[in-house]
Every structure is written in C-alpha cells, then in structure tokens.
Amino acid sequence: MNEEILTKTALDEVTAVGFCALASSPVEGQPALRYAVSLMLKLSDAVLKTIADKPTPMYFQHYRTANAVLDAAAFRIGAKIESLGYQAFPVAASQSLGGDKRYEGLFPHKTAAVLAGLGFVGKSGLFLSTGYGSKVRLATVLTDMPLEARHPIVENGCGDCSLCRDACPAGAIFGELPSETGRNFDPEKCSRYMKEHFQGIGRGSVCGICIKVCPKNHL
Ligand code: SF4
Ligand code: SF4
C-alpha cells in the first residue's frame with residue numbers, strides 16, 4: 001500500500017500524516033495532481049506558553065524552524081513518491097503568491113488535513129487537530145499517486161466557545177463556523193495588525209494569540 005510506505009517515511013520527521021483525494025488539482029496545467037499527503041508537526045507547549053498578549057522572539061524562531069522541518073519532510077516525501085514512479089509537488093508550509101495575492105497560497109493546507117480526517121477548521125480559521133488542537137503547523141505534497149483517506153472527516157468541535165474572536169486584537173476573527181461559501185477569518189486584517197504592532201518580532205509575521213487562548217490547546 002502506498003499509504004503505508006509514505007506513513008513510514010513521514011513519521012520519522014512529523015507528528016502525523018494523512019491522505020486524501022481532492023476535488024481537483026490546484027496546480028494549473030497539471031490536472032493529475034489531485035491527491036494529497038498532509039503533513040502535521042506539533043509545536044512546543046513550553047514555547048507557546050511564552051505568548052501572552054503578543055508574540056515572542058522564541059515563538060517566532062520556533063515557528064520558523066517548524067516550517068523548515070515540514071518543508072524538508074515534504075521534500076523527502078516528494079522524492080519518495082517520484083522514486084515510486086509518480087509525480088510529486090511539495091507545497092511549502094508558509095506560502096504567498098506575492099503581489100496583490102500576497103495573502104493567498106497555492107493550496108490551503110487545512111483543506112487536505114480536514115479531508116484526511118486529521119481535524120477540523122475552528123472559528124479562529126485555524127486548523128485544529130485531533131489531540132493537539134491548533135498547536136500545529138501543516139504542509140502538503142500534491143501528487144498523481146492514488147491515495148485514500150484513512151480516517152473519517154472530523155466534526156467541528158468549537159461549540160459555543162468564542163474565546164479566539166474575543167482575544168484577537170485585530171478583530172480578524174468573525175466568531176463563526178467556517179462555511180463552504182466564505183471565510184470566517186480576515187487574513188488581511190490579521191497580517192496588517194501584525195505588521196503594525198509586532199514589527200520588532202519576526203518582522204510582524206507571527207502573533208499566536210488565537211493559538212494561546214484556545215481551550216483545545218490546554219496551554
Ligand atoms: S494571529 Fe493574532 S491578529 Fe491574527 S487572527 Fe490570530 S489573534 Fe488575531
Ligand atoms: S478558541 Fe474556541 S472558538 Fe476559537 S478555535 Fe478554539 S475552540 Fe474554537
């Protein structure tokens with residue numbers, strides 16, 4: 001089974017791995033890339049506990065390292081897939097299409113993670129994994145290797161909570177469950193706030209408050 005080979009390869013480096021078929025390929029001109037390997041890496045509780053009302057340099061460094069670990073894992077999974085005779089397209093943990101699409105990436109990692117049954121998208125707009133909540137980072141490898149999800153889709157578990165909406169200093173979280181038709185979070189507001197207020201820490205690219213306050217994270 002391809003899923004077993006890839007799981008063995010991935011779990012040397014990441015916390016969890018999942019598989020899914022997508023509705024269509026997100027890569028223009030490459031329609032066969034409609035399967036995905038979702039890679040998830042848990043962040044350190046001790047580092048996240050340093051966040052109070054703003055990010056910390058330790059969190060920024062940890063976040064950047066987590067992205068690098070995920071990118072390396074996605075690269076290696078991609079190489080493994082190619083060695084088995086299929087196409088592989090690793091999508092970086094942190095993405096931007098640049099220009100007026102700078103808040104967009106090629107592919108939302110949380111889509112693959114949800115379809116793979118690793119968790120759900122919370123009212124914060126963040127992916128909340130089963131077991132580790134939103135204390136995780138994600139990356140994806142797109143492929144034409146036929147892959148099947150090994151877990152059922154997880155139901156949203158936010159319930160009546162709205163702590164992330166109340167805590168967000170940017171007012172970027174609407175406090176609603178995600179819908180298929182629209183966002184429940186404003187990435188431009190979030191990014192603008194971080195750039196204006198947290199420029200001295202990782203040049204305003206991280207915040208972490210909505211992760212710190214989420215009760216699913218037990219921090
Ligand atoms: S990262 Fe900070 S500014 Fe952005 S949504 Fe979360 S709490 Fe709000
Ligand atoms: S803080 Fe509450 S509403 Fe926000 S993502 Fe976590 S559980 Fe959901």
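Give the list, by residue number, of cysteines in the chain with no other Cys Cβ closer than 4.7 Å, or say none.
By the Cβ distance rule, which asks for a partner under 4.7 Å, the isolated cysteines are 20, 158, 161, 168, 190, 207, 214.
Projecting each Cα onto the charge dipole of the range 2-217 (Lys/Arg +1, Asp/Glu -1 at the beta carbon, about the Cα centre), which of 118, 61, 98 comes out farthest on the positive side?
61
Rounding to the nearest 20 debye, state how big the charge dipole of the range 2-217 is about its Cα centre with +1 on each Lys and Arg Cβ and -1 on each Asp and Glu Cβ.
620 debye
Beyond a 21 Å Cα-Cα separation, which of these cross-linked pairs lie in this structure: 101/189; 80/135; 8/212?
Beyond 21 Å between Cα atoms: 80/135; 8/212.
Kindly provide log₁₀ I(q)/I(0) values, in the same order as q = 0.28 Å⁻¹, from the Debye equation applied to equal alpha-carbon scatterers of the range 1-45.
Log10 of I(q)/I(0), two decimals: -0.95.
Can you give the FRET efficiency to the nearest 0.05 for residue 160 and residue 65, using r as the Cβ-Cβ distance and R₀ = 35 Å?
Efficiency, rounded to the nearest 0.05: 0.50.
Any idea what the relative contact order of the chain is, in percent, if you count C-alpha pairs under 8 Å spaced at least 6 apart?
Computed over the chain, the figure is 24 percent.
Counting other beta carbons within 10 Å of each residue's own, what order do 191, 162, 129 fall into, fewest first?
162, 191, 129
How big is the Cα convex hull of the chain in projection, averaged over all directions, in nm²?
The number I arrive at for the chain is 11.7 nm².
Each value in this text was obtained by applying a stated rule to the coordinates, not by laboratory testing. Predicted model only: the values in this text are computed from it and were never measured. Backbone-built Cβ (ideal geometry, glycine too); neighbour counts: all protein chains shown.
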